[in-house]
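Structure record follows, encoded as structure tokens.
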Amino acid sequence: MLAGAAAWDLWTHKIPNWWLGFWLVQILFPLSGAGAFSILQFLAGAAMAAAVTGTGFYFRIIGAGDSKLIALMCGYLGIGRGFRTAAAGFIIGAIWSLGKLVYYRQARRRLSYFTAWIRQSIQTQKRIPYFRRDRDGDQAVIPLAVCFLGGFLVTIFIGK
């Protein structure tokens, strides 16, 4: 699931809904034989993750595919392991982002834009998307699915 999502995100900067839907069926079908508790446990983890990451999507800080992928991870792995995987992925993404900011010499400009975005959002009390492809371009994009795959590998090697 993560490897395919990472490949799609790396090359197209999107994770297709059909890919996520395919894996949702692959997860739920075996769970249907395990009983209602297993399905409810999956849905509870996925719903909690979707509620938290939905805020990031609402402001266009993360993509919808990233939010749905985190929900699938938290549902499948359980909320604890899913959270650790997502957290490790976000840390990898932050390091990658910092590297891009330094490499492209954009740190001052992006920090200035971020503070202006926060100020404008508070003053206008309106939802203002943080990322706009027409303005920011693909240079500012971090394929988070790649980071989540890395986060999954990190959590496997750590073993907790």
#### Entry: the chain pair-distance distribution - Cα-Cα, 10 Å bins, rounded %
10, 35, 34, 16, 4, 0
### Query
Given a 1.4 Å probe and every protein chain left where it sits, what share in percent of the accessible area of the stretch 20-90 is carbon and sulfur?
75 percent
### Task
Could you work out which residue, out of A36, A94, A145, moves most in a Gaussian network model of the chain, that is, has the largest mean-square fluctuation with Cα springs under 10 Å?
A36
#### Entry: Between 0 and 90°, nearest 10: helix 107-124 axis offset from the chain longest Cα axis
80 degrees
### Task
Evaluate the distance, in nm, between pseudo-label points positioned 7 Å from the Cα of I91 and of I128 along their respective Cα→Cβ axes.
3.3 nm
### Query
So how much slack lies between F57 and L98, counting 0.36 nm per residue of separation and subtracting their Cα-Cα distance, in nm?
12.7 nm
### Query
Distance from the Cα centre of the stretch 14-57 to that of the stretch 112-143, in angstrom?
29 Å
### Query
Hey, got the Cα dimensions of the stretch 65-156 along the principal axes, in Å, largest first?
39, 33, 20
### Query
So, counting K/R as plus one and D/E as minus one, what does the shell of residues with Cβ under 15 Å around G45 add up to?
+3
### Task
Give me the accessible area per residue for the stretch 1-126, probe 1.4 Å, as a whole number in Å².
63 Å²
### Message
Of the candidates F57, F83, F29, which one comes out as most mobile in a Gaussian network treatment of the chain with C-alpha springs shorter than 10 Å?
### Response
F29
### Task
Using the Cα centre as the reference, give the magnitude of the dipole from point charges on the C-beta atoms of the stretch 95-155 (Lys, Arg: +1; Asp, Glu: -1; all else neutral), rounded to the nearest 20 debye.
300 debye
### Query
Assigning unit charges at the beta carbon (Lys, Arg +1; Asp, Glu -1) and nothing else, what dipole magnitude in debye, to the nearest 20, does the stretch 20-160 show about its Cα centre?
620 debye
### Task
Per DSSP H run of at least 4 residues, take -39500 (n - 2.57); add these up for the chain, divide by its residues and hand me the 222 nm value, nearest 500 deg cm²/dmol.
-26500 deg cm²/dmol
### Task
Answer with one residue from G75, I142, T115: the one whose Cα lies farthest towards the positive end of the charge dipole of the stretch 30-160, charges on Cβ with Lys, Arg +1 and Asp, Glu -1.
T115
### Query
Distance in nm between label sites at L40 and D136, each 7 Å beyond Cα in the beta-carbon direction?
3.9 nm
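The values are calculated or read from the model by the stated rules, or taken from the named source; none is laboratory data. Quantities reported herein were computed from a predicted structural model and do not represent experimental measurements. Positions of Cβ are generated from backbone atoms using ideal geometry, with glycine treated the same way; all protein chains shown enter the neighbour counts. The accessibility values were calculated without ligands, DNA or RNA, using every heavy atom of the protein model including side chains. Shrake-Rupley method; radii C 1.70, N 1.55, O 1.52, S 1.80 Å.
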